[in-house]
Amino acid sequence: MSALRLTGVVALTIVGLGAAYAAELPLAVGFSVGLGALIWSVLRCGVVSGHKALLRMMGEGVGHTKEVVWILLLVGLLIPTWTAGGVIDYMVGAGLRLLDPAWIVTFGFVFASIVAMTLGTSTGTLSSVGIPLMGVAAHLGVPLPLMAGALVSGAFVGDRTSPFSSAHQLVASSAGVPERSLFRLLQPTTYAAFGIALAVFATFDGVGAWGAGEEDLGVVYGSAAGGSWLLALPPALLLLAIMFRLRTRYAFVVGIVAGIAVGASLQGGTALQWIGWLWGGYASAEGSADPGSAVSHGKGLAGMVELVVLIALAGAYNGIMEGAGIVRPIAARLLGKRPSLVGATARTGLFGLGLGLVSCTQTLPIMMTARSLAAAWTERFPREHLARVTADTSLLLAALVPWNMIAVLCGTIVGVPVERYAPYALFLWLPPLLTLAWSAWRGRRVRAVTIKDADPDEVFSGRG
């Protein structure tokens, strides 16, 4: 397939998604335009040998989305379960009693960062600590996009940097560098981005005067939920399950089962009522003017059907792109013949963003950026710098695309769409800017090397 035809397919995909998003239509409708254009193009150009091969590629691509689909469906069960059972109200009450309201945004960022570095998962972090803290923020009068941005920022500190993170490991394996080397090479941009984000969130807290006159809310919400310490068990068990490296979807099952067991024993409700809540969602304060009512709800399984369809279509799209090897020839020409380190960094970041826009996944931009550019990159620069740039751009920028799977998951969990919290999600867009500045400064000191010359310790210390 020619570069011009591929550009047309990508443009149609982005336009279709953007139009559906602007018109408030299901994103799956908009994405179908790009998928249809891709199918027509690969068949017309003979890139794929027949319909059977095409269907096989699409099926393999859909199969790779199973874990995301499982998590999305389980999130659809988890939130209404915890809401109906009083878990969220109890956790909100506990947070209001224990936390200093004046520094809630800063605390949320730091605490989410610590948990994410321990767990190595953004979705697990947001589900276990993000949901209760969003409730606390709502009752204190904190703007929900600000709190969501702080929590998502903290979650991605671990998603990008933790040695336990599958995304971090994928960057290292795709770029062909040891995880230890990648962790060390990320430290300058990690510390700088974390420090800037911490200062900004502390400034918001300093001028926010959150929770003024709300001293008794902790008692009110704790009492409303029944006040039993058993309500702390579901999130605690979810957190422990992830800490002990249980697969994320099984950890969610633990949290859901515990939530139903504790909630049914303390709050009551018939079996039919619980089934209805799990399917259609639960609202704890329908029609309430309370700002926290926007958080204390869940869509249920029915509300996730549209997103599951989108993810399945995105999986089919990715399957064709990977199976037909469409991107690799263009990626090989992307860097040019003799790019500077800062120029190569900028082009690599834009390439990763483009993949995040059309692939609707976080995984494909990471793999395609690192694998497709490796040969051209290592002709001039150490491989470790490609891993750094991939982690600082492709891994994070996908979470800023409203229709990308990882962004959909995060927005669903915190209850705030990505376009609303994106300006406050500082750790998603600071590292790309900082890694560009780092490349500009280091570009004069990084000599041309081949893959055999590159030494991780020399590259990191500046002797390379």
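The values are calculated or read from the model by the stated rules, or taken from the named source; none is laboratory data. Please read these numbers as outputs of a predicted model, since none were measured by experiment. Counting neighbours? That spans all protein chains shown, and the Cβs are built from the backbone with ideal geometry, glycine included. Surface areas here come from the heavy atoms of the whole protein model, side chains and all, with no ligands, DNA or RNA. Shrake-Rupley method; radii C 1.70, N 1.55, O 1.52, S 1.80 Å.
May I ask you to derive the FRET efficiency for Ala440 and Leu240 from their Cβ-Cβ distance with R0 = 51 Å, giving the value to the nearest 0.05? Before the final figure, lay out the partial values.
Details: r = 44 Å, r/R0 = 0.86.
In this case the efficiency is close to 0.70.
For the residues Ser173, Ser32, Ser228, a 1.4 Å probe over the protein chains yields an accessible-area ranking, largest first, of Ser173, Ser32, Ser228. Here the range 370-424 is treated with +1 on each Lys and Arg Cβ and -1 on each Asp and Glu Cβ, and its dipole about the Cα centre works out to around 80 debye.
With every protein chain in place and a 1.4 angstrom probe, the accessible-area ranking of Asp89, Asp392, largest first, reads Asp89, Asp392. Sorted from longest to shortest, the spans of the Cα atoms of the range 32-100 along the three principal axes equal 65, 21, 16 Å.
Here the range 102-146 has an Rg and Dmax of 10.4, 30 Å, counting Cα atoms alone. Neighbours of Ala37, meaning other residues whose beta-carbon lies under 12 angstrom from its beta-carbon, give a summed charge of +2 when Lys and Arg score +1 and Asp and Glu score -1. Ligands, DNA and RNA are left out, and with a 1.4 angstrom probe the accessible area of the range 329-408 is 29 Å² per residue. Shown in residue order for the range 245-257 are the 3J(HN,Hα) couplings computed by the Karplus curve 6.51 cos²θ - 1.76 cosθ + 1.60 at θ = phi - 60°: 6, 5, 4, 4, 5, 6, 5, 5, 4, 4, x, 5, 4 Hz (x for Gly and Pro). The HN-Hα couplings worked out from phi for the range 131-145 by the Karplus form 6.51 cos²θ - 1.76 cosθ + 1.60 (θ = phi - 60°) are 4, x, 5, 5, x, 4, 4, 4, 6, 8, x, 6, x, 4, x Hz, whole numbers, x standing for Gly and Pro. Rounded to the nearest 10 square angstrom, Glu179 shows an accessible area of 80 square angstrom against a 1.4 Å probe. Sorting Tyr250, Tyr424, Tyr282, Tyr90 by accessible area puts them as Tyr250, Tyr424, Tyr282, Tyr90; the probe is 1.4 Å, largest comes first, and only protein heavy atoms count.
Charges were assigned to the Cβ only: +1 to each Lys and Arg, -1 to each Asp and Glu. The resulting dipole of the range 1-115 about its Cα centre is roughly 560 debye. What separates the Cα centres of the range 380-406 and the range 59-125 is a distance of 23 Å. Counting charges near Ser166 (Lys, Arg +1; Asp, Glu -1) among other residues having Cβ under 12 Å from its Cβ returns a value of 0. If every alpha-carbon in the range 231-272 counts as one equal scatterer, what log10 I(q)/I(0) does Debye give at q = 0.16 1/Å? Log-scaled intensity ratios, in q order: -0.41. Cys45 contributes about 60 Å² of solvent-accessible surface, heavy atoms of the protein only, 1.4 Å probe.
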